[in-house]
Amino acid sequence: MKPALQFRLHQQLTLTPQLQQAIRLLQLSQLELEAELRQIAESNPLLEFAEEVEDDESLDSAAESEYSNSETTAVASGSENDNDEIGDWADGGGVAEAPIDFSSSVSSGSGSRGDDDFEPQNAAPETLQQHLLWQLNLVSFNPRQHLIATVLIDALNGAGYLAEGLESVLAALPADLNATLEEVDAVRRQLQGFDPAGVGSLDLRDCLRVQLEQFDPDTPQRELALRIVDTELELLARNDIARLARRLRANEDDIAAASVLIRSLDPRPGAALDATPVEYVAPDVYALRDGGRWRVSLNPDAQPRLGLNQHYCGLIAQARGEDASWMRGQLQEARWLIKSLESRAETLLKVADAIVRRQSAFLDYGPEAMHPLVLREVAEEVGMHESTISRVTTRKYMHTPRGTFELKYFFSSGVSTEDGGSASATAIQAMLRKLIDAEDTRKPLSDLAIAEQLQRKGIQVARRTVAKYREGLRIPTSNERQRAS
């Protein structure tokens with residue numbers, strides 16, 4: 001067995017359940033953490049959520065005495081590797097008795113919701129399928145057509161297309177219906193006239209054609225637009241007006257007008273009714289300049305307000321037998337969870353602070369000043385394992401004056417420079433975009449020309465590396481940029 005694999009297996013076997021829980025909490029995003037804590041709180045009566053959590057110093061003394069004398073008081077101590085893995089979360093081996101309150105750890109952030117505020121009660125959005133089924137009940141389809149249309153509507157994807165084709169719809173129909181592919185396609189064509197126009201299309205060309213056909217025949221350049229969609233859609237995507245004019249033997253002004261008409265169409269007609277909820281990113285930490293230096297603080301609204309239920313804690317001393325043993329176990333689990341959440345917050349703050357110290361130039365001057373940074377460097381600075389840094393920086397976000405970024409954004413590999421230093425990939429991409437934004441659109445810079453300009457600035461980068469960065473930024477080639485000018 002390889003040493004690395006053997007070490008990981010040994011680590012998994014030696015980690016206590018509490019340590020495993022703490023490690024798991026590190027890799028959860030805000031939404032996932034909230035959902036998991038709600039589920040845990042439902043099964044553990046010793047836990048409760050509160051808008052404002054008070055200190056738990058007033059825990060019933062009899063309950064505390066009863067609990068302290070039990071054998072569950074002892075904290076299971078892990079190895080040194082275990083403590084490194086979760087970021088020194090068990091300082092001194094004690095169990096946290098106070099509920100989490102992060103309100104004093106941040107100088108910025110929105111206030112908590114007032115008790116008198118109403119929870120928004122928005123109606124569930126109408127789905128594309130519901131919208132089409134409502135229209136289906138208003139048309140005069142016979143029972144066969146109605147059944148076929150129902151299966152077609154159910155097969156639509158979020159964009160409104162039949163991505164799996166007509167054959168899959170035919171296979172989903174009852175065998176005793178004896179439907180044919182032509183019959184299914186005939187119903188599909190009628191479905192394409194529903195609102196939004198173009199739903200039920202097989203591909204983009206089909207979708208655009210249906211929408212163009214719904215225009216009045218006297219619409220200027222309608223027929224030319226249909227010809228472009230049928231035969232030259234690829235050239236349209238490149239906006240190569242001159243070649244389109246030669247291919248279709250038409251005036252460039254007419255081609256340009258037809259292109260405007262086509263671009264006014266909706267290539268994803270079902271997307272407007274997509275019921276997928278929008279998830280907004282809320283920062284986990286803030287980076288703000290204070291007194292001439294950058295400081296990091298937790299977002300209190302992003303931290304769960306979880307504490308011990310005082311009523312159930314007070315009942316522990318009165319419980320006897322199995323009930324007492326069960327409640328003490330629940331109290332210990334609750335305290336372990338609260339301690340793990342404290343560790344998660346402390347580790348997140350420690351890692352974010354290390355990132356900001358190393359990337360302060362980015363915060364001051366922008367992406368071109370981003371330094372190369374790898375997980376190992378931050379891990380060595382904060383005294384944790386690289387895997388811990390990876391967990392902490394995944395789906396955790398930092399708000400800065402330059403925007404909100406995932407913590408992983410601040411990590412990038414380096415490229416050598418002439419003076420023996422290095423420049424980060426992020427900085428090079430920012431320079432590349434700046435060069436392209438300033439280029440002469442009649443003579444766009446090739447990848448080789450961009451590489452030569454970067455080399456004159458002391459950055460040793462090959463043409464293929466420039467091409468890779470350009471593609472990553474979704475910037476077209478020089479030929480395509482010239483056509484689009």
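Tabulated data
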read-out	value
Highest average packing first - 201-212, 165-176, 357-368, Cβ atoms within 10 Å	201-212, 357-368, 165-176
With all protein chains modelled, accessible area of HIS146 [1.4 Å, Å²]	70 Å²
Residues of region 122-218: accessible area per residue with a 1.4 Å probe, Å²	54 Å²
Cα gyration tensor shape of region 219-261, rounded if a/c is under 1.5, else prolate or oblate by comparing a/b with b/c	rounded
Packing rank of 184-196, 294-306, where each peptide gets the mean count of other beta carbons within 10 Å, highest leading	294-306, 184-196
Heavy-atom accessible surface of region 352-485: percent carbon and sulfur, 1.4 Å	46 percent
Heavy-atom surface of region 345-401, accessible at 1.4 Å and reported per residue (Å²)	40 Å²
Accessible-area composition of region 156-296, carbon plus sulfur, in percent [1.4 Å probe]	50 percent
Amide H partners (placed H, <5 Å) of LEU47, local residues excluded	ASN309
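The values are calculated or read from the model by the stated rules, or taken from the named source; none is laboratory data. Keep in mind the model is a prediction, meaning the values are calculated, not measured. Note: ideal-geometry Cβ built from the backbone for every residue, glycine included; neighbour counts use all protein chains shown. Keep in mind that these areas ignore ligands, DNA and RNA; they rest on the heavy atoms of the full protein, side chains included. Shrake-Rupley method; radii C 1.70, N 1.55, O 1.52, S 1.80 Å.
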